[in-house]
2 protein chains.
Amino acid sequence: MISVNKSPISKIDSVNFDGLSFGSVFTDHMFVCDFSGGSWTDPKIIPYQPITLEPSARVFHYGQAIFEGMKAFKDDQNQLFLFRPKDNFKRFNISAKRLAMPEVPEDIFMKGLNRLVRLEENWVKCGVGRSLYLRPFMIATDAAISAAPSKNYKFMIIASPAGVYYSGEVRVLIAENYSRAADGGIGFTKAAGNYAAQFYPTSLAQQKNYQQVIWTDSNSHEFVEEAGTMNVFFRIGDTLLTAPTSDHILDGITRKSVLKLAEDLGIPTEVRRISVAEIKNAARNGELKEIFGTGTAAVINPICGFEHAQEVFELKMFNNSYASILKDRLTAIQHNRADDPYQWRHMVP
Amino acid sequence: MISVNKSPISKIDSVNFDGLSFGSVFTDHMFVCDFSGGSWTDPKIIPYQPITLEPSARVFHYGQAIFEGMKAFKDDQNQLFLFRPKDNFKRFNISAKRLAMPEVPEDIFMKGLNRLVRLEENWVKCGVGRSLYLRPFMIATDAAISAAPSKNYKFMIIASPAGVYYSGEVRVLIAENYSRAADGGIGFTKAAGNYAAQFYPTSLAQQKNYQQVIWTDSNSHEFVEEAGTMNVFFRIGDTLLTAPTSDHILDGITRKSVLKLAEDLGIPTEVRRISVAEIKNAARNGELKEIFGTGTAAVINPICGFEHAQEVFELKMFNNSYASILKDRLTAIQHNRADDPYQWRHMVP
């Protein structure tokens, strides 16, 4: 049973929903459940508030921290939906296992999510592009700095209203030296540590006026892996290409949704290793039509140019791109403006 | 100027200094300095206490967290020393840069350290093996979950009394699939995220009754890199071998101290890539005499056996091993029982 302690006041009236900066405003409540003595106890929703930890808490020292990103949507009749939440739940526990953290039971994860979203329903606005971004996360709380897994953890869900994600024109630098993940490592998880590692190489790209890095494999830097914190797709001729998931590529929920939609729209898709050389050759001979990133926050983010080994390539933007067709189709399903033969929409009880 | 707010009471009388578990007891005070508005402000020593952060603090989500481990020692005249603290300071800022975190100025790091150790001098006990373990660390505190570097940080130093580190007999499993760090990644830093990634593969080794994993390169798994959270040395015949530092191997301070001491003791040393095949061949023909790990916590930790690809090898333990000679020499310098031609000892003012 989830106990609910409602906030006496709401800050919703102070929020400008038309000027939201991603991930900086949070709703009135949060879900919390602690793991200790080998079990998850006392799941609760309480007013959004700071958390207090010992300076020796293992999350600060050894990085046992994982998260998920997902969204709740409203349709035009004010019905509330989550998009493929069980996929996030499953991936959360895949991350947990790899980071030697306890798995969260499905009923705690799903009921916590449903109750929180229902409680915060006024924060979910109608209209394509608008959503409530949900951030389940788990941190290690043991007050001891021996290098071993924590015995105590905190699982939380916080929620942040999101508007249309607009990143401007995105150009990317294809990595020649830096890498995001190793074979045998944790690149397939949503571990906090994977993200901090990307910031510095990304800042170097930004100094050259690229917004993101396309990561390449750490062995040879010959094969593309992800774009920034997104999975990455390429359109060569009429074929849509993306790299296969592995222990160093995230099994993105937007990625697999896009693949399924593309197949059902009759778009030829190939999931295989893609070399940088192939991309550059296709760009040179005019066959490279599109590059885009996929992820929960941005949904589908077109990339209009790239650099690799001092060579700069620019793509022509055009109407009816795969990126725009697939994004329209996906957001229509998310907002209940289209049929959902895949049962991706989960109605919030 | 560092402000000092002394704790009205000390918990030192409640501590059993002969039964310390590593990293679980902390002294009465901690050093704190916050970074905001582009600069470090208000360095202070305050009573040891919990810290309060927003649930959206970036350290919980994107793993911007780094640390150092170092020790303070007392000699038999109650003089207080740190061991090579500037090396820790420099490495801390190397980690900071790679994680897109602000560097800590030398005077804040060193003065904070000196003042804290001096204030806690009663916690540093005399005798070889006894020390005060110091843990400088930095965490990202911005209350926003956009995937970008934080603008606000907290730098802290906490201190934990340490006794003789005894880990029992250590046997290790040489990694065939899992890896610790990638080329182009952050393995050379003391980033929190590097440690969480090791716990699960280590737990698999522990299920087979191995205490630690010897990590191999992520490309081929043919070359040894580190042992658990330590650098690793091998003695083949009379030669002491260790892997060169790189972007995926930590530039360990104990490692480089051991190399220097070995050279000056006339021990032949080689710093080069070492293949698993070479180690196994040397073990088979009796040339592999020793394996040991080096690190601040354990100093030098002998390894008495290993497994790789279902083959098990056991080493004979013997007197006057390189491990014991080098450990005696190093701890004698640390505790001011031997000359220090290297100027590694830093007297705490």
For the range B:3-164, averaging the sequence separation of alpha carbon pairs under 8 Å that lie six or more residues apart and dividing by its residue count, the contact order in percent is 35
Probe 1.4 Å, heavy atoms of protein chains only: per residue, the accessible area of chain B in Å² is 38
The FRET efficiency for A:Gln207 and B:Thr52, from their Cβ-Cβ distance with R0 = 35 Å and rounded to 0.05, is 0.50
Carbon plus sulfur, as percent of the 1.4 Å-probe accessible area of the range B:3-164, comes to 49
Output ordering of A:92-98, A:39-45 (per-residue mean of other Cβ within 10 Å, highest first) is A:92-98, A:39-45
Rounded to the nearest 10 Å², the 1.4 Å probe accessible area of B:Val299 is 20
Output field shielding_mean for B:136-147 (other chain Cβ, 10 Å radius) holds 5
For the B:Thr239, B:Asp340 Cβ pair and Förster radius 30 Å, calculated FRET efficiency rounded to 0.05 is 0.70
Stokes-Einstein, Kirkwood over Cα pairs, the range A:88-200, 37 °C, 0.692 mPa s; D in µm²/s equals 193
Magnitude of the Cβ-charge dipole (Lys and Arg +1, Asp and Glu -1) of the protein assembly as shown about the Cα centre, nearest 20 debye, reported as 1040
The range B:215-253 scanned against label point 7 Å out from B:Asp264 along Cα→C-beta; backbone N under 20 Å for B:240-242, B:252-253
Debye calc, one equal point scatterer per Cα of the range A:171-334, no solvent, log10 I(q)/I(0) at q = 0.15 1/Å comes to -0.77
With label points set 7 Å from each Cα along the Cα-to-Cβ direction at B:Ser39 and A:Asn281, the distance between them in nm comes to 5.6
Percent relative contact order for the range B:163-292, counting Cα pairs under 8 Å at least six residues apart, stands at 25
Here the FRET efficiency for A:Asn320 versus A:Met347, based on Cβ atoms and R0 = 25 Å and rounded to 0.05, is 0.20
For B:Lys44, counting only lysines whose alpha-carbon sits under 22 Å away and dropping same-chain residues fewer than eight positions off, the answer is B:Lys6, B:Lys11, B:Lys71, B:Lys86, B:Lys90, B:Lys111, B:Lys151, B:Lys154
Expressed in nanometres to one decimal, the distance between label points 7 Å along Cα→Cβ at B:Asp328 and B:Asp251 is 3.2
Most fluctuating of B:Gln49, B:Gln198, B:Gln211 in the GNM of chain B (C-alpha, under 10 Å) is B:Gln49
With label points set 7 Å from each Cα along the Cα-to-Cβ direction at B:Gln310 and B:Ser220, the distance between them in nm comes to 2.4
proj_area_mean for chain B (convex hull on C-alpha atoms), units nm², value 18.1
Computed over the range B:258-349, the relative contact order (Cα-Cα under 8 Å, seq sep at least six) in percent reads 21
Inter-chain shielding metric for B:185-194, i.e. average beta-carbon neighbours from other chains within 10 angstrom, reads 6
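The values are calculated or read from the model by the stated rules, or taken from the named source; none is laboratory data. Fair warning: this is a prediction, and the values are worked out from it, not measured in the lab. A quick note on method: Cβ atoms are made from the backbone with ideal geometry, for glycine too, and the neighbour counts reach across all protein chains shown. Just so you know, the surface numbers come from the protein's heavy atoms only, side chains and all, with ligands and any DNA or RNA stripped out. Shrake-Rupley method; radii C 1.70, N 1.55, O 1.52, S 1.80 Å.
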